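Let me begin by presenting the structure, written as structure tokens, before commenting on it.
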């Protein structure tokens, strides 16, 4: 049997779009915490006593001008970041300076899954990107999917710019937080307002 390829996994109308898949799980979150973030005893990340799973990884083309350079778990900074637009055709226009954004409504000081993206000087101007985040939390688990839209600047940046996106997982003081896994997809749209 022939292995699946991107051309037969995705509809033909989407085959031209560049895609970036990134998978960050509990291990990444634990490593991020161990790398210099101290948490209260009420914070926990776990998959339960029995760990099972299945799936497949299909390599795809990364957006070379909007590359993910880091991800993990940290604290949502103050002031709380602005929430990204969830309306196709009305994207959040990226500024020409490094900026923090919330994938969902973020509260400063909460625990947050973060992603860092670097926009290169080669980024095409006025180009819309769709960012789709699926966050698996808690027992069960509960899966939350957020689709956000951003647009590159009208003028190409003079130097690389880093943007940090946070998905607010909640306050540690409110109880334990379980982060099971994370899926992130970035896709370039053919024109503003045309993202699927």
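A short reminder: the numbers here are calculations on the coordinates, not readings from a lab. Predicted, not measured: the structure shown is a model, and the values here were computed from it. Reconstructed Cβ throughout: ideal geometry from the backbone, glycine too, with neighbour counts over all protein chains shown.
PRE reach from residue 78 (point 7 Å along Cα→Cβ): which of region 105-122 fall under 13 Å by backbone N?
107-110
For region 89-179, taking Cα atoms only, what is the radius of gyration to one decimal and the Dmax to the nearest whole Å?
Rg, Dmax (Cα atoms, Å): 15.2, 46.
For the pair residue 93/residue 153, report the inter-label distance in nm, with labels modelled 7 Å from Cα in the Cβ direction.
Result for the modelled spin labels: 1.2 nm.
Using the 10 angstrom Cβ neighbour count as an exposure proxy, how do 167, 133 rank, fewest first?
Least to most surrounded, the residues fall as 133, 167.
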